[in-house]
Structure formats: C-alpha cells, structure tokens
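Okay, so here's the structure we're looking at.
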Amino acid sequence: MHNPEQIWQELQEAAGYIQDRIQDTPEVALILGSALGPLAEEIEDPIKIAYKDVPHMLLSTAPGHAGQFVFGRLAGKRVVAMSGRFHYYEGYEFEALAQPVRLLKLLGVETLVLTNAAGCVRTDWQANDIMVISDHIKFMGASPLRGANIPQLGVRFPDTTEMYTPRLRELALETAEELGQSETTRQGVYFFMPGPQYETPAEIRAVRTLGGDAVGMSTVTEAITAAQCGLPVLGLSLLTNMAAGLSEMTLSEEEVSKSGEESGARMAALLKGILAKL
Ligand code: HPA
C-alpha cells in the first residue's frame, strides 16, 4: 500500500502535468457516467488530456467511457469533464478510487457534479426519470479514505451529513421546474452496489427496505472523497431502468445504454441549466 507522502507527491505531479497544458482553472468538474458521455462533445474550445498521459493516473476500462479530461467552457462556465470514470468492478481497490476527485481538488475546482445511470427502486417512479441524489448508502466494501490520512486533503473522520450539498440540490430542482421537467425529476437516496452483475430481485427488495430509491455501481467513492476535501457535490442519476424484479424486462448493458441515450438529452439540458446558474 502507498504511504501518504507518496500519494500526495503523485497527486501533485499529476496536477502539475495538467496545469502545464491548460489555460484557466476550471470552476466546475463534471464526472460523466454512461448516460451523459456525449455532453463532453459540447464543451467549447476543448483541451483534451488522456488519462494515460497523466503521470500516476488510473486507467479507465469500462465501455462507453472515453478515458480523458476535457477542459473548456460549457453553459458559460469554465469546466473540466472527466469523460470516463473509475469503478470498483473494474478491479480497483476502493482506496484507489479517491484519486480522481483529489486531483480535481488540486486543480482548483470549486464544485463537483457527479452523474450516473442507475436502476429505479421505487415503484411510484418510472424508468427515465432523473433523480437528484439527496444522500447515499454504501454498506459494502472499504472507504476510499481507508489507510493513513493525508492531512492536506482533510480530516481523518469527515462529516458526511451534507455530502450532497443542499444548496445545489435546491438549484437542481428549481432548474428542473423552469425547464418543465418537474414531473420526471425526483430526489432520493442512491444505494451503492459493487457489481458488475446487476442485482437480484431479492437484493432490490432489501435495498428498498433499507431506504434506497435508486441503485448503482459508481459515484459514492467520489462523493465521500469530495466530502473529505471540502468540495461541494451535486449528484444526478438517470434512472435508465426499473431495478431487477420490478419490471418484465431483463437487465442488459444494451438496454441501459439505449434508455440513457433517449433521456440523456433531457439530463444534459438540466445540467447545462444548472451550470448557467452556478
Ligand atoms: N443496477 C445497478 N446499476 C445500474 C442499474 C441497475 O439496475 N442500471 C444502471 N446502472
């Protein structure tokens, strides 16, 4: 396992490499899940930096994830999009998954937007609804903050009461209303499952009993890391499918991506509306 001095040193080398290649400090970072990948193409005056060129950076293997940073402007804001994120199911240890958000913090980002595709656990909601994440449940596996603490990045035992920043959630709901998306925009709890297999129907019943409204395989490590280093977070889930056992459909990556394409445009409009008001 790496020691904290080494992790800190590597993060600074990675940040230095990137800073030498960009003009301005980004205000907002967007980690784009499978549902919102195409949004990176809309970034104006893009400067693209492949993860594989950044010293010490993790490499992305998931399908539909390009594996690059895109710096530029979107909805009038200076942004950096991570086109391609890192998931536990790819084989990374939870502790390794803290890296991207720490790097974004070192780059000077002030707001972190996390997007994902997730399964809908509530029978009073529908596939293709968007969920503003109010909170999460991560019962399985280690914390991304496990191991010796890196004091430059925050305290040993961070508070997570307002991990999904209330002001940003309100802004998201307000924007949804202005865009006429109120009926399809929800707010709720994201329940992390490690994957890569989709859940069983019995697991989904358990998730519901435990308080989950949506279920997915990403996002929580990023939100936890952001909470530690004091980065405000907005989480948006596109509920691409009813979770296992809640519809006749069997789950497949094709179904999830197809649904993501159809409603991804609505989520992209919402996200741009939110960005414009930040
Ligand atoms: N479960 C877990 N992750 C997901 C799902 C799901 O049903 N849909 C999209 N990502």
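Bear in mind these aren't lab numbers, they're just calculated from the coordinates by the rules spelled out. These numbers were taken from a predicted model, which means no experiment stands behind them. Cβ coordinates were reconstructed from backbone atoms using ideal geometry, including for glycine residues, and neighbour counts include every protein chain displayed.
Couple of notes before you dig in:
- Cβ crowding within 10 Å, taken as a proxy for footprinting-reagent exposure, orders 220, 109 from fewest neighbours to most as 109, 220.
- When Rg and the Kirkwood radius Rh are both evaluated on Cα atoms of the chain, their ratio Rg/Rh stands at 0.94.
- Each of 159, 53 has some number of other Cβ atoms within 10 Å of its Cβ, and from fewest to most they run 159, 53.
- Pairs from 77/105; 52/272; 52/77; 105/138 whose Cα-Cα separation, in the structure shown, is over 20 Å: 52/272; 52/77; 105/138
- Membrane-span-like helices in the chain, defined here as complete DSSP H runs extending at least 15 Å along the helix axis by their C-alpha atoms with mean Kyte-Doolittle hydropathy no lower than -0.5, are 253-277; this is a sequence and geometry rule, not a statement about a membrane.
- Shape analysis of the stretch 42-170 based on the Cα gyration tensor places the equivalent ellipsoid semi-axes at 23, 22, 18 Å, largest first.
- Antiparallel bridges, percent of DSSP beta bridges restricted to the chain (to nearest 5): 40 percent
- Hydrodynamic radius of the stretch 188-278 per Kirkwood, over alpha carbon pairs, in Å: 14.8 Å
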